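To keep things clear, I will list the structure first and then write my remarks on it.
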Amino acid sequence: MSDERTLDLLEAKIEELRQLNSADGIDLSKEIARLEEKLDHLRQKLYANLSDWERVKLARHPKRPYALDYLQSAFEGFYELRGDRVVGDDRALLAGLARLGGRTVVVLAQQKGRTTEENKERYFGMPRPQGFRKARRAIQLADRFGFPLVSLIDTPGAYPGLEAEEHNVGATIAESLLAMAEARVPTLAVVIGEGGSGGALAIGLADCVLMLENAIFSVITPEGAASILWKDKDKAKEAASALQMTADRLLALGLIDGIIPEPLGGAHRDAAKTSAALQSELVRRLAELEVIPAEDRRRRRDARYRAIGRFRPAPMRDPEAPAAPEGAVRD
Amino acid sequence: MSLFKERQYVRIRVDREADDSLWMKCKACGELVFKRRVRENNNICPNCGEYFFLTAGERIESLVDPGSFEDLTAPIVTDDPLGFVDSQPYSDRLREAQEKTSLLDAVVIGRAAIDGVPVILGAMDFRFIGGSMGSVMGEQLCRAMETAIAEHRAFVLVSSSGGARIQEGMFSLLQMAKTVTVRRHLAEAGLPFLSVMAYPTSGGVQASIASLGDILIAEKGALIGFAGRRVIQQTISEELPQHFQTESFALERGQIDRVARREDLRDELALALGYFVEAR
Ligand SMILES: [Zn+2]
């Protein structure tokens, strides 16, 4: 998004004028207002009708607030619990206790790195078996003490590697899913950036699933789909649309429960505002879930997932046509 | 006698081309082998022992007591909820797969007995878009487990799947959550789930239902893993061991309970099921 640079420059210019305005006592308010109008106009033009691919880029934007940013702003007192008790501690999937609206919750948070160094430590936000085992432990801890569970999802997917396979990453995802299906406490999941495949879903089986406005949630990355189905890496844009991975599409398909609005131009344009919106929505949804008796809540969650899928009756056989031979089976 | 003689709800043209020839060339040893010998031998090359794919029907026939299988596969097809088109419309891919396999989707479920033990059995068919799990497979597996609960039977699933059905987008990813949810109900009902992993058990299927069996049995020659070899090599330029994601790789690393040869799988299941029957 090269237009982003223009936005950045305008914003910097306005800020500069504001400081001059207050420092020198010169009245620049007309000039500031003119530039702000221009800025608004540019934002509208750029962001009012985002394409699916532009949303993918916003969801992955390097300045986008990450889970730890929200943990510091929308939550209080994040008390991290580390380690899977077997081989190590995953830095791409964090777990801990925190307070949300004054009460204790357990948080699962997928965390990308800002710098090369941090990304090395966090595997670019791709959790490994250590992370999914830790998640399961944290879910069970929440359930034991009746703490609601909040998942902040932001990952390109589980880390694909030899060591991950040696430690059975697939089974650790399955076990994390099962722990979430077992939980009797209220569970909330929010996709804050990228919801990449099984690695994201592993902590996303919840009573209430939300997405930030420019987040994505998909069975595969657009690039992966492009190379597998189109056999052409340059078809990622087409794949992004075809897969219907944006929040508005998924809400329309009935697969998520709500969308948390972002400032025009994306969450990073006003992180504090985004965080406040996230917090109030989490508090509101949690209050809704908590009035439901635990067994009913879990039954409702079961029913929700049981109902997911789109199919129709198979076309009836034409009575005129000869009986279909069964090719799958020998006589 | 066909196992599926009762099914007649869909008009399917069956491609018999492969059956017209008497001989086939083994892709492993290159030998020309008599096709009928191969079929009578559980689709194993009589010359070198290579396993060829079993269709869902062949798999079921190889495992159940003769005449005991009753097809419970629901007559449903995917709704193509995204209207998905890549290099080819999903609806075309589906029709091709249905014609090729004479199945409606990639899994067959039913009642059966294995050595006299009543079970609900599911078998995936890799020929059908790589045995991938979309809305229909998720639904069939849930119905299978629910029937097992209602009839107090064990559940046996033979997986052969590349993972999620990409063409159904999030509907397919969420089948992982759906099947895991119903798997929990099966556990709460105290019924055993024997998960057989055949070639291949990977992606979203391995990362959900297939890994959650009470007992995990790999067929010899299986591939078991989450991410594909190619994906891993693209991400890390690391050399992968020769037997990466094979049944022996999985067994050595504690990922599965047992390994069985194809010709022994029926006895293996009968043996395992016996312990659960005695306990009741
Ligand atoms: Zn051979």
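For the range A:111-164, which positions are farther than 28 Å from residue A:268 by Cβ, out of contact with any Ser or Thr (no Cβ under 8 Å at 6 or more places or on another chain) and within 12 Å of chain B (Cβ to nearest Cβ)?
A:162, A:163, A:164
Which condition from (1) out of contact with any Pro (no Cβ under 8 Å at 6 or more places or on another chain); (2) in contact (Cβ under 8 Å) with a residue 12 or more places away in the chain is the one that residue A:110 breaks?
That leaves (1) as the condition not met.
Scan the range B:33-56 and tell me whether some residue there is in contact (Cβ under 8 Å) with a residue 40 or more places away in the chain, in contact with a Leu (Cβ under 9 Å, 6 or more places away or on another chain) and under 28 Å from residue B:179 (Cα atoms).
Yes, the range B:33-56 contains at least one residue that is in contact (Cβ under 8 Å) with a residue 40 or more places away in the chain, in contact with a Leu (Cβ under 9 Å, 6 or more places away or on another chain) and under 28 Å from residue B:179 (Cα atoms).
Working only within the range A:249-270, note down all residues that are away from chain B (no Cβ under 14 Å), buried (at least 19 other Cβ atoms within 10 Å of the Cβ) and touching a Phe, Trp or Tyr at 6+ places or on another chain (Cβ under 8 Å).
A:265, A:266
At pLDDT 85 or above and surrounded by fewer than 12 Cβ atoms within 10 Å (Cβ to Cβ): is that true of residue A:31 in this structure?
So residue A:31 does not fit the description; no.
Return a yes/no flag: does the range B:33-50 have any residue that is surrounded by 14 or more Cβ atoms within 10 Å (Cβ to Cβ), within 21 Å of residue B:117 (Cβ to Cβ) and basic (Lys, Arg).
Within the range B:33-50, none of the residues are surrounded by 14 or more Cβ atoms within 10 Å (Cβ to Cβ), within 21 Å of residue B:117 (Cβ to Cβ) and basic (Lys, Arg).
Please go through the range A:205-220 and give me each residue that is more than 8 Å from chain B (Cβ to nearest Cβ), over 17 Å from residue A:55 (Cβ atoms) and assigned to a loop (DSSP other than H, G, I, E, B), ordered by number. Walk me through how you get there before you give the answer.
Taking the range A:205-220 and keeping what is more than 8 Å from chain B (Cβ to nearest Cβ), we get A:206-216.
Filter again for over 17 Å from residue A:55 (Cβ atoms), leaving A:206-209.
Within the range A:205-220, A:206, A:207 qualify.
Specify which of the listed residues (A:223, A:182) is surrounded by fewer than 24 Cβ atoms within 10 Å (Cβ to Cβ), touching a residue at least 12 places away in the same chain (Cβ under 8 Å), more than 9 Å from chain B (Cβ to nearest Cβ) and not basic (Lys, Arg).
A:223
When only residues in the range B:37-56 that are of a type in the set (S, T, N, Q) and within 18 Å of residue B:126 (Cα to Cα) count, which is farthest from the ligand (Cβ to nearest atom)? Break it down into steps so the answer makes sense when it comes.
Filtering the range B:37-56 down to residues of a type in the set (S, T, N, Q) leaves B:41-43, B:47, B:55.
Now drop any that are not within 18 Å of residue B:126 (Cα to Cα), which leaves B:42-43, B:55.
On the way: B:42: 14, B:43: 11, B:55: 19 Å.
Out of the qualifying residues, it is B:55.
So residue A:264 fits all but one of (1) under 23 Å from residue A:151 (Cβ atoms); (2) touching a residue at least 12 places away in the same chain (Cβ under 8 Å); (3) not in a helix (DSSP H, G or I); what number is the exception?
Result: residue A:264 fails condition (1) only.
For residues that are part of a loop (DSSP other than H, G, I, E, B), touching a strand residue (DSSP E or B) at 6+ places or on another chain (Cβ under 7 Å) and of a type in the set (S, T, N, Q), tally how many sit in the range B:59-114.
2
So for the range A:15-22 (the condition being acidic (Asp, Glu), assigned to a loop (DSSP other than H, G, I, E, B) and either touching a His at 6+ places or on another chain (Cβ under 9 Å) or outside the structural domain of residue A:280 (by TED's automatic domain parsing) (or both)), does at least one residue qualify?
Among the residues of the range A:15-22, not one is acidic (Asp, Glu), assigned to a loop (DSSP other than H, G, I, E, B) and either touching a His at 6+ places or on another chain (Cβ under 9 Å) or outside the structural domain of residue A:280 (by TED's automatic domain parsing) (or both), which makes the answer no.
Determine which member of the set B:277, B:231, B:205 is part of a helix (DSSP H, G or I), touching a residue at least 60 places away in the same chain (Cβ under 8 Å) and in contact with a helix residue (DSSP H, G or I) (Cβ under 9 Å, 6 or more places away or on another chain). If you could, list the steps in order and put the result at the bottom.
Numbers: B:277 fails: in contact with a helix residue (DSSP H, G or I) (Cβ under 9 Å, 6 or more places away or on another chain); B:231 fails: touching a residue at least 60 places away in the same chain (Cβ under 8 Å).
The match here is B:205.
Would you confirm whether or not the range B:109-126 contains a residue that is surrounded by fewer than 18 Cβ atoms within 10 Å (Cβ to Cβ) and touching a Cys at 6+ places or on another chain (Cβ under 7 Å)?
no
Which one of these does residue A:84 not meet: (1) surrounded by fewer than 17 Cβ atoms within 10 Å (Cβ to Cβ); (2) not in a helix (DSSP H, G or I); (3) not polar (S, T, N, Q)?
Answer for residue A:84: the failing condition is (1).
Just for the range A:221-253: of the residues that are assigned to a loop (DSSP other than H, G, I, E, B) and in contact with a helix residue (DSSP H, G or I) (Cβ under 9 Å, 6 or more places away or on another chain), which one is nearest to residue A:197 (Cα to Cα)?
A:221
The values are calculated or read from the model by the stated rules, or taken from the named source; none is laboratory data. Please read all numbers here as calculations on a predicted model, not as lab measurements. Every residue, glycine as well, gets a Cβ built from its backbone with ideal geometry; the counts of neighbours run over all protein chains shown.
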